Amino acid sequence: MATLKDELTAKVVEYEHWAKRRRFGRFGPTDRKLWVLACMDERLPINEALGIQVDSPVGHGDAHCFRNAGGIVTDDAIRSAMLSTNFFGTNEIVIVQHTQCGMLSANANDLEAYFKAKGIDTDEPILDPTLPELRLDKGSFAKWIGMTDDVDEALLKTIEVFENHPLIPDDVTISGWVWEVETRRLRPPTRDPVRRARTDATARDYGITQPQPPRWHLGDGKKDVATTTDPVCGMELVIDRAAGHRDVDGHRHYFCSQVCLDSYDADPSRYLPSKTGGVSA
């Protein structure tokens, strides 16, 4: 039977091996030699979706993980992938985006207008105070935000950027995957609508007809804007921007999108009035 001394000695040796791997990139540092780019959405569980263990005890993490809004290409995503693949032994990049993404649900021009209304100069924004040389061309702020109309299309373009980027080695394996929030399954991206499941993969699936979708709480800067909670998705929304409403037992329940409204109509019993927090009709 091993003594505590033996166990502690083994841990010290393990740490020393890990430290060497961290110092000399060709030996690691991740167990799978993997770099993952994913959306920051809390509904996208990286470990479950990919079957890996990103966060593990010292020396046993499977991947470097970079998350941002949408899981899209940005200058910092490229910077991180460049360092991981060139200096830390990473030989595979996996990109994960997902259905029902907030980056589908608004128009970038509307978001830019929001900042302009607050007096922010979007023609010369300060993107990184530590690197003032990093600037956008005039009129490109909305494009920089990175909104999209189609998850699959956005993912395919992201894969293409990494495959052709001069800072990413040619021998790095690159793949992209769509996580379906509705079914909790992973699938490859496709441009064929027949092969897609019935999921919120495009902006059209949200049934958006207004210039500014309600799930983006731009308001008018006032704190007294009337809000409520969508009984289906739990999203807080501004009442006067709701996609629709239903009256139940003297309470009016508002919905942030046509998708949520359709879900409620399909099976109202799933969303009990006592849990939805509607407002008096």
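No lab work stands behind these numbers, since they all come straight from the coordinates. Model, not experiment: these values are computed from the prediction. Quick reminder, even Gly has a Cβ in these numbers, built from the backbone with ideal geometry, and neighbours come from all protein chains shown.
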Proxy exposure order for VAL178, VAL238 (fewest C-beta within 10 Å first) is VAL238, VAL178
Less than 20 Å apart at the alpha-carbon level, and either on another chain or at least 8 residues along: which aspartates and glutamates does that give for LYS118? ASP110, ASP128, ASP220, ASP224
Quick one: order TRP177, TRP35 by neighbouring beta-carbon count within 10 Å, fewest to most. TRP177, TRP35
Taking neighbour Cβ counts within 10 Å as the exposure measure, how do VAL161, VAL151 sort from fewest upward? VAL161, VAL151
Test of understanding: what is the full-extension gain from GLU160 to HIS251, defined as 0.36 nm times their sequence separation minus their Cα-Cα distance? 27.8 nm
